[in-house]
Amino acid sequence: MKIHYFSGEPWEEAYVRAKLPGEDITFHEGSFSSYAELTDPEATVLCTFIESHIGEKEMDRFPALKLIATRSTGFDHIDLAAAAARNITVANVPSYGENTVAEFAFALLLALSRRIIDADERVREGTFSPKDLRGFDLQGKTLGVVGCGHIGMHVIKMANGFGMKVLGFEVHQDPDRAKEFNFTYASLPELLAASDIVTIHVPYNEHTHHLINKENIVGMKKGSYLINTARGAIVETDALVDALKSGVLAGAALDVLEEEGGLSEETVLLTAPHPNADALKITLENHYLISHPRVIVTPHLAFNTQEAVERILDTTMDNILHFAQGSPTNVIS
């Protein structure tokens, strides 16, 4: 196979060559769109990323192309109809970080419950004292998990390990799964009213836009906490601010903000600048949540571990190898 590989971090070249020994691979530091004049009549595989559109004109530059292997879950940057018309297979990475995101959600929960950020800042400022840094136990508390998919189930298993009670909200309920993993399904209002901590793990779409909003956030248990590692716009920012000001929420931990816009793929953050970087910078500088003493904000990094990135590469290389062997995997088109 003759492969063109785009948008990788520098260390990826050695990693990929070890996975595909003997293959003819050309690595390009920039995105596919940075090489608008590149053509190759012999290339059979494009290994690319979500920030570059691949349509009819791009495919025509590689007449022998047989496979587009995108290192992403999303694939809306590829013209699937054009690929199908040319008998080009498209493969993606369906999942890579369920446990990774769940672990980060619990890291945020522990940071909130034990005042870890406050304590670290105090010591760095020169005061070694636990005064006024009392936290709370997780054991016996009720955790509300909004979205019981792959990530949510990892969170539920962790919560069981901490001895927490778990409520789960999911449109399509699975009673057998609830029994197996020791949690109880609840409606969203019921979950919000009964949970000491609510953590969000639903995808962002038209149905989940402002799923937590001014109308329902007032029904949350007074003094509860909210964690969001999913997408910023699932939570209405004004509603969150009001809930913090009124005391409905005692605190929050946010890895995502509504002001990020429509960013659909976490891993694009690793290789491309944020599409709204300038506007976001100004917004962050004036953001109420950033300066709130009981709110933790992190820069959309729940997905970002070495293991998760390597899983992306491993799946992508497996997609290429299986295609070469005549048994393609994770095929979109």
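The values are calculated or read from the model by the stated rules, or taken from the named source; none is laboratory data. What you are looking at is a predicted structure, and each value in this text was computed from that prediction instead of being measured. FYI the Cβ positions are ideal-geometry reconstructions off the backbone, even for glycines, and counts take in every protein chain you see.
Take Arg115 and tell me if it is assigned by TED's automatic domain parsing to the domain that holds Pro203 and either surrounded by fewer than 17 Cβ atoms within 10 Å (Cβ to Cβ) or not polar (S, T, N, Q) (or both). It would help to see each step written out before you state the result.
Details: assigned by TED's automatic domain parsing to the domain that holds Pro203: yes; either surrounded by fewer than 17 Cβ atoms within 10 Å (Cβ to Cβ) or not polar (S, T, N, Q) (or both): yes.
It is true that Arg115 is assigned by TED's automatic domain parsing to the domain that holds Pro203 and either surrounded by fewer than 17 Cβ atoms within 10 Å (Cβ to Cβ) or not polar (S, T, N, Q) (or both).
Identify, by number, the condition in (1) at pLDDT below 95; (2) under 23 Å from Ala107 (Cα atoms); (3) not β-branched (Val, Ile, Thr) that Asn228 doesn't meet.
(1)
Just wondering, is there one or more residues in the range 98-105 that are surrounded by 16 or more Cβ atoms within 10 Å (Cβ to Cβ) and under 18 Å from Thr44 (Cβ atoms)?
no
Among (1) touching a residue at least 24 places away in the same chain (Cβ under 8 Å); (2) surrounded by fewer than 15 Cβ atoms within 10 Å (Cβ to Cβ); (3) charged (D, E, K, R), where does Asp120 come up short?
(1)
Given the conditions (1) assigned by TED's automatic domain parsing to the domain that holds His77; (2) at negative phi, which single one is not true for Asn87?
Tallying (1) assigned by TED's automatic domain parsing to the domain that holds His77; (2) at negative phi, Asn87 fails exactly one: (2).
Give just the number: which of (1) aliphatic (A, V, I, L, M); (2) part of a loop (DSSP other than H, G, I, E, B); (3) modelled with pLDDT of 95 or more; (4) within 22 Å of Glu9 (Cβ to Cβ) does Leu65 not satisfy?
Leu65 satisfies every listed condition except (4).
Only one of Ser95, Ser72 is surrounded by fewer than 16 Cβ atoms within 10 Å (Cβ to Cβ), modelled with pLDDT under 95 and not in a helix (DSSP H, G or I). Can you tell me which? Outline the logic, then answer.
Working: Ser72 fails: surrounded by fewer than 16 Cβ atoms within 10 Å (Cβ to Cβ).
When all the criteria are applied, what remains is Ser95.
Is there a residue in the range 221-232 that is part of a helix (DSSP H, G or I) and among the charged types (D, E, K, R)?
No, there is no match, as no residue in the range 221-232 is part of a helix (DSSP H, G or I) and among the charged types (D, E, K, R).
Ala82 passes all but one of (1) in the same structural domain as Gly223 (by TED's automatic domain parsing); (2) farther than 21 Å from Ile312 by Cβ; which number fails?
Single failed check for Ala82: (1).
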